[in-house]
Amino acid sequence: MCELCGGTPELWDGQTEDSEEITVVERSFVIVRHRRQKARCTCGGCVRTAPAPAKLIPGGRYSLAFAVLVAVQKYLYHLPLARQERWMAEHGLTVTRQTLWDQIEAFATHLQLSYDALRLHVLNAAVVGADEITWPMLSGKKKWWAWAVGRPDAIYYFIDSFCSHEAAGRALAAFAGTVMCDGYSAYRTLLKARKIEGADVFVLAACWAHVRRKFVHCEADYPDAAKAIEYIGQLFAVEREVQV
């Protein structure tokens with residue numbers, strides 16, 4: 001009833017009062033049943049069945065989307081498989097850690113061609129950045145190394161058991177452009193070795209970001225370092241300008 005005239009309000013077409021709130025839609029695991037039509041010849045000699053959907057693991061029970069979920073949660077959000085196993089159980093899916101690992105392994109095999117293409121794309125650039133960091137292994141005390149080679153629009157990683165110039169060579173393959181890196185000696189040793197062998201060589205370019213870091217670390221005790229940081233900032237400004 002209208003407070004002014006006592007009339008009955010009618011719906012006002014197209015007029016609403018809108019508001020928003022954030023809520024949670026719980027993830028659920030479902031079984032999708034694929035029914036494939038069969039056909040047979042009147043002679044009874046042959047039977048044809050519609051093709052099955054593509055599977056990550058031939059004859060496997062889990063979809064590609066499921067494998068993507070497991071890999072993303074493990075490698076992007078650092079959720080161990082044991083924890084995923086418990087989380088999935090709480091959502092009604094009984095699955096083992098071994099099964100989850102099988103999905104990741106199959107997914108990695110499926111992506112190998114994409115990885116190879118990404119690596120080739122990076123190494124076809126005129127300039128790449130290279131870096132490395134220790135990579136602890138679950139078994140044994142020996143540390144491996146994660147190597148990264150990148151360009152502005154892409155980067156690829158690989159794991160090697162060594163941090164020598166031979167490992168740097170495996171990271172860079174036959175790259176013959178400009179390599180920007182820190183002061184790690186493996187790159188200089190690799191360049192020297194390639195010159196001796198008469199192989200394709202690259203140009204070694206020192207990274208100003210690594211240089212700047214040293215001045216930042218000592219600025220509190222040596223205020224004059226601020227001037228060097230300012231000059232390096234001007235170099236970065238020039239770099240941003242030429243990249244536009």
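The values are calculated or read from the model by the stated rules, or taken from the named source; none is laboratory data. Since the structure is predicted, the reported quantities are computational estimates derived from the model, not experimental observations. No Cβ is skipped: glycine too gets one built from the backbone with ideal geometry, and neighbour counts run over all protein chains shown. Quick note on the areas: whole protein, heavy atoms, side chains included, nothing else; ligands and nucleic acids left out. Shrake-Rupley method; radii C 1.70, N 1.55, O 1.52, S 1.80 Å.
Here R213, R240 are screened, and the one residue that is farther than 30 Å from A193 by Cβ, open to solvent by 90 Å² or more (accessible area, probe 1.4 Å) and either in a helix (DSSP H, G or I) or among the aliphatic types (A, V, I, L, M) (or both) is R240. Checked against the criterion of being under 20 Å from V122 (Cβ atoms), open to solvent by less than 40 Å² (accessible area, probe 1.4 Å), part of a helix (DSSP H, G or I) and among the small types (G, A, S), the candidates A193, A171 yield just one match: A171. The test for being of a type outside the set (V, I, T), modelled with pLDDT of 95 or more, under 24 Å from the mean Cα position of the chain (by Cα) and open to solvent by 60 Å² or more (accessible area, probe 1.4 Å) does not hold for Q84. Within the stretch 95-113, the set of residues being hydrophobic (A, V, I, L, M, F, W, C) and not in a helix (DSSP H, G or I) comprises V95, L111.
Evaluation of A146 against the conditions (1) in contact with a strand residue (DSSP E or B) (Cβ under 7 Å, 6 or more places away or on another chain); (2) more than 22 Å from Q73 (Cβ to Cβ) shows that the sole unmet condition is (2).
Filter the stretch 126-152 down to the residues that are touching a residue at least 40 places away in the same chain (Cβ under 8 Å), open to solvent by less than 60 Å² (accessible area, probe 1.4 Å) and in contact with a Ser or Thr (Cβ under 9 Å, 6 or more places away or on another chain) and list them by number. Listed by number, the list holds a single entry, V128. With respect to E10, determine if the residue is acidic (D, E), assigned to a loop (DSSP other than H, G, I, E, B) and within 30 Å of Q84 (Cβ to Cβ). Considered against the rule, which asks whether it is acidic (D, E), assigned to a loop (DSSP other than H, G, I, E, B) and within 30 Å of Q84 (Cβ to Cβ), E10 comes out as no.
Here's the yes/no breakdown for (1) open to solvent by 100 Å² or more (accessible area, probe 1.4 Å); (2) touching a residue at least 24 places away in the same chain (Cβ under 8 Å); (3) under 30 Å from V70 (Cα atoms):
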position: G6; (1), (2), (3): no, no, no
position: P9; (1), (2), (3): no, no, no
position: E17; (1), (2), (3): yes, no, no
position: I22; (1), (2), (3): yes, no, yes
position: R35; (1), (2), (3): yes, no, yes
position: A39; (1), (2), (3): no, no, no
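When we screen G60, G92 for residues that are in a loop (DSSP other than H, G, I, E, B), open to solvent by less than 60 Å² (accessible area, probe 1.4 Å) and modelled with pLDDT under 95, the only hit is G60. Tallying residues that are farther than 18 Å from C163 by Cβ and open to solvent by less than 60 Å² (accessible area, probe 1.4 Å) within the stretch 179-190 yields 0.
Report whether or not H78 is surrounded by fewer than 13 Cβ atoms within 10 Å (Cβ to Cβ), under 25 Å from E26 (Cα atoms), in contact (Cβ under 8 Å) with a residue 40 or more places away in the chain and not polar (S, T, N, Q). No, not satisfied.
With respect to I31, determine if the residue is open to solvent by 100 Å² or more (accessible area, probe 1.4 Å), closer than 30 Å to T99 by Cβ and hydrophobic (A, V, I, L, M, F, W, C). So I31 fits the description; yes.
Quick one: which residue in I159, I155 is open to solvent by 60 Å² or more (accessible area, probe 1.4 Å) and at pLDDT 95 or above?
On the way: I159 fails: at pLDDT 95 or above.
Result: I155 is the single residue among I159, I155 that is open to solvent by 60 Å² or more (accessible area, probe 1.4 Å) and at pLDDT 95 or above.
Under the condition of being of a type in the set (A, V, I, L, M), under 23 Å from V70 (Cβ atoms) and either modelled with pLDDT under 95 or part of a strand (DSSP E or B) (or both), the residues counted in the stretch 114-148 number 3.
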